[in-house]
Ligand code: ADP
């Protein structure tokens, strides 16, 4: 099994998942004693087939769901400007308010946190500039493409200046060109803000391109089966995708993903691991 350190091993820890277990009321063991340390400033992808508990782990990390057992420790419990959270969350769907402008959508966490004052507008402008939508603050969601809506969603997550940015498979519904652009923009936002990122994905190519570390999970029960450091310097750029190094990382990530399928009793009972692993990429 290819399995590098599950612990970043150096520097400060941004988040610690300790024995994290989640059993839903229908009996599904979505997470079974997950242990993971996330280093400050890392870009970690949680990679794995559908149903392995990636989103559940992310929601618990965000404080949006509770664990059945175990705990999450966040190094930085400092509050953002308004919402009392140091965590930003980007959902799979942009989930924008259709009746509100882009600026109002981005300001939502501040509005909910009753953050009054002139600097809210300034913060909205700052976040829209970071996602390349400075000129669209007065537009409505219906006027935007899918990629632009996702940019608004990312700007909304950035408005509280989170130390930890969590993204739940944010690019899955986008076409390839848009996805590629958003990859580079997300890396630039990561560089500018210095935040720690944890992103859920089931794409090996996406995880290799973006991450400093890939954590691979398997299902039934949801657990970590391996971890892979991507020791390629940033900025990476499109050329990285054409290198032998990229192919090597892709091969190693795919091998771990295959292993995830092979250890899943549902997949092996349903016609072979590799076929399913290919479908997940
Ligand atoms: P992933 O993000 O890797 O696709 P999820 O975290 O969404 O996985 O789900 C993990 C497992 O928990 C799956 O078997 C899923 O069906 C189950 N699950 C997720 N949410 C619920 C829920 N609210 N109630 C019952 N089972 C759930």
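The values are calculated or read from the model by the stated rules, or taken from the named source; none is laboratory data. Being a predicted model, the structure only gives us computed values, none of them experimental. Virtual Cβ from ideal backbone geometry, glycine too; neighbours counted across all protein chains shown.
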Assuming residue 93 fulfils every condition listed in (1) without any contact (Cβ under 8 Å) to a residue 12 or more places away in the chain; (2) within 16 Å of the ligand (Cβ to nearest atom); (3) out of contact with any strand residue (DSSP E or B) (no Cβ under 8 Å at 6 or more places or on another chain) apart from one, which condition is it?
(1)
Kindly indicate whether residue 53 is at pLDDT 95 or above, out of contact with any helix residue (DSSP H, G or I) (no Cβ under 9 Å at 6 or more places or on another chain), away from the ligand (no atom under 16 Å from the Cβ) and farther than 23 Å from residue 189 by Cβ.
no
Answer yes or no: is there a residue in the range 173-181 that is at pLDDT below 95, within 16 Å of the ligand (Cβ to nearest atom) and on the phi > 0 side of the Ramachandran plot.
no
Identify, from the list 229, 206, the residue that is under 19 Å from the mean Cα position of the chain (by Cα), within 30 Å of residue 19 (Cβ to Cβ), surrounded by fewer than 18 Cβ atoms within 10 Å (Cβ to Cβ) and modelled with pLDDT of 95 or more.
229
Selection count where residues are touching a residue at least 40 places away in the same chain (Cβ under 8 Å) and either surrounded by 19 or more Cβ atoms within 10 Å (Cβ to Cβ) or within 15 Å of the chain's Cα centre (by Cα) (or both), scope the range 144-187:
25
Filter the range 221-252 for residues that are within 16 Å of the ligand (Cβ to nearest atom) and in contact with a helix residue (DSSP H, G or I) (Cβ under 6 Å, 6 or more places away or on another chain); which is nearest to residue 30 (Cα to Cα)?
225
Could you tell me whether residue 11 is within 16 Å of the ligand (Cβ to nearest atom) and modelled with pLDDT under 95?
no
For the range 236-256, check the following and say yes or no: at least one residue is surrounded by 23 or more Cβ atoms within 10 Å (Cβ to Cβ) and in contact (Cβ under 8 Å) with a residue 60 or more places away in the chain.
yes
Would you say residue 194 is free of Cβ contacts under 8 Å to residues at least 12 places away in the same chain and either within 16 Å of the ligand (Cβ to nearest atom) or loosely packed, with under 15 Cβ neighbours inside 10 Å (or both)?
no
